[in-house]
Amino acid sequence: MNDEDFMKERAAEVAAMNDTANHGPFCGRGYSPVTDAQLAETLAGAEIVIDEDRFDGFVYMEGYLSAERGGHAFLAVKTCTPGSVHLLAVPGLACAAHG
């Protein structure tokens with residue numbers, strides 16, 4: 001993807017996020033509870049910009065999914081309790097775990 005295409009995609013993403021008809025109350029239609037395996041698969045190859053682990057009980061992450069997954073912006077709240085589900089939000093995707 002060249003710089004011009006990247007900027008066009010980001011502009012479209014921002015426009016969609018700013019249109020209240022396109023999103024729910026927090027960050028879009030694409031927020032989902034996901035398992036360890038689903039989170040790992042979805043974030044494979046992602047550009048993780050923020051990986052904040054100073055909280056008790058969870059890790060907060062932001063970044064962009066891999067190009068194979070569309071390069072969409074995401075945020076994740078990864079629980080530190082083994083076997084618990086995590087929150088994965090990818091604005092504009094109906095189901096982040098399968099996007």
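The values are calculated or read from the model by the stated rules, or taken from the named source; none is laboratory data. Fair warning: this is a prediction, and the values are worked out from it, not measured in the lab. Cβ placement follows ideal geometry from the backbone for every residue including glycine, while neighbour counts extend to all protein chains displayed.
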Flagged in region 44-99 as at pLDDT below 90, farther than 20 Å from Met7 by Cα and surrounded by fewer than 17 Cβ atoms within 10 Å (Cβ to Cβ), in numbering order, are Pro82, Gly83, Ala94, Cys95, His98
By residue number, the members of region 49-75 that are within 10 Å of the chain's Cα centre (by Cα) and without any contact (Cβ under 8 Å) to a residue 40 or more places away in the chain are Met61, Glu62, Gly63, Tyr64, Leu65, Phe74
Has region 24-34 got at least one residue that is more than 28 Å from Pro82 (Cα to Cα) and either touching a strand residue (DSSP E or B) at 6+ places or on another chain (Cβ under 9 Å) or at pLDDT below 90 (or both)? yes
